[in-house]
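S.K.: What follows is a single structure, and I will ask about it in a moment.
The values are calculated or read from the model by the stated rules, or taken from the named source; none is laboratory data. What you see is a predicted model; the values in this text were computed from it and never measured. Methodologically, a virtual Cβ is constructed for each residue, glycine included, from the backbone with ideal geometry; neighbour enumeration extends over all protein chains shown. The protein model used for the area step is the full one, side chains on, heavy atoms only, and it has no ligands, DNA or RNA in it. Shrake-Rupley method; radii C 1.70, N 1.55, O 1.52, S 1.80 Å.
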Amino acid sequence: MKIAVLGGGHGAYAAAADLTEQGHEVRHWRRNSAELSPVIKLLDEKGSRDVRVRAEKRIEDAVGEVELILLPGPATAQMDIARAMAPHVKDGQVVFLPPGTFGSYAMAQVVKPKLLWAETGTLPWLARKRGPSEVAITIRAVRLPTGVFPFSKQDEAISVIRKAFPAVHPCGNALSGALMNAGPIIHPPLILMNAGPLEASNNYDIHSEGTQPAVRAVADRLDAERIAVREALGFGAPHYPLKDHYTSDRWMYGDAHKKLVKSGDWREPVPLREHRYMTEDVVFGLAFLVSVARWARVPTPIAEGLLAVAGGILGKDLTQGERTLRALGLADLSREELFKRL
C-alpha cells in the first residue's frame, strides 16, 4: 500500500522505517526537510539495520496518490500540517492519527476535501529516537481502538488502516477514539507529581523511579474519571483501563511496562514546560478531557486538579485552550446534536 508518513518525531521515524520494511511504499515528509534522511537506522528485537526510506521534501509529493496518510506527530503540530496538506489531498483518502486528541475533527475543519479521519489511543510503537536518523522500537501495539470521523465511513476507514496496522479495531466515533488516548492519563500525573526531580535532574526516568504507588494511585483515579466520561456518553467497553498497562497483558501494548523501563530509552531530560507531556498531553489532551467532562456533567476532580496545577506552572488558564469543546464550537450542542455532527 502507498502510505505517507508526516512528521519528524519518534513515531514518524518508527513508522517510516517499520512500514517500509514491511513492504509498503512509504513517503516520509517532515516540516524541517533539511533533517530528512533517506536511510533510517532501525533497532528492535531483531537487532540493528539500515532501512532506506523514500524521503520527500515537498508535502504534495508525499500525500499525492497515497491511500493512507499517517500523522504520528504531536497534537501541537496537527493544524499546521493540516493547512500544509489541504491543497494536495483528495476525496476518499484516509488520515490516521495515532493518537489524535480529537485532531480528527479539528483538522477536518480546515481541510476541504472529504477525507476519512481516524484516531486511536496510542502510537503503534513504543519508540524513541536515539539520533537524528536512528530510532529504537521497544514494542509494537497489539490492540488499537480507533474512532472514525465521519462515523458513517467507519468500515471503509478501518479496512484501509488494517492493511498497515492489523491491530486496529473500531471503537465508535471520533470522540470515542479521542477518549481512548492514553497520553493525557499516563503523563500528567507523572510529570506534575515528579516536577521537582525533573527540574533538578537530567537523569531521571519517570516511568521507573517516577512511577511510585502514590503516582499510580492518582493515575488510576484519573483513568476512572476518563472511563466515567466514556460511559456517560454511551461508549461501551473495552475501555482499556490504565491499570492493565502495569499489571497484565490486556492493554494496547500487551505486557509492555517492564520492557519500557528495561530499555532505558525514557531516561532523558524532561524540560517541564516544553516537553510534549506538558504541551500535548496536558495543554491539549487533559484540557480536552476536562471540557468533555464538564459538557457531559461528569465530575472529574482529579483531572480538574491536575489541570489547575499545570496551569499554575505555566501561568495560564488551561481550561480556555484551543483543543476544548468550546474552542471547537461544540460546547453548546446537545449530545444528539454532537453525535449527529460526528
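S.K.: Mind telling me which of the residues ALA219, ALA224 ends up being in contact with a Ser or Thr (Cβ under 9 Å, 6 or more places away or on another chain), in a helix (DSSP H, G or I) and at negative phi?
M.R.: ALA219
S.K.: While we're on this one: Which of the residues that make up the stretch 25-55 are open to solvent by less than 30 Å² (accessible area, probe 1.4 Å) and in contact (Cβ under 8 Å) with a residue 40 or more places away in the chain?
M.R.: Hits for the stretch 25-55 are SER37, ILE40, LEU42, ASP44.
S.K.: Kindly evaluate VAL292 against the criterion of being of a type outside the set (Asp, Glu), within 19 Å of ASN173 (Cβ to Cβ), outside any loop (DSSP other than H, G, I, E, B) and within 23 Å of the chain's Cα centre (by Cα).
M.R.: Answer is yes for this residue.
S.K.: For SER248, only one of the following conditions fails: (1) surrounded by fewer than 19 Cβ atoms within 10 Å (Cβ to Cβ); (2) under 28 Å from GLU199 (Cβ atoms). What is its number?
M.R.: It is condition (2) that SER248 fails.
S.K.: May I pose another question? Need a quick list: helices (runs of 4 or more DSSP H) entirely within the stretch 1-99 having at least 2 residues that are touching a helix residue (DSSP H, G or I) at 6+ places or on another chain (Cβ under 8 Å).
M.R.: Ranges flagged: 59-63, 75-85.
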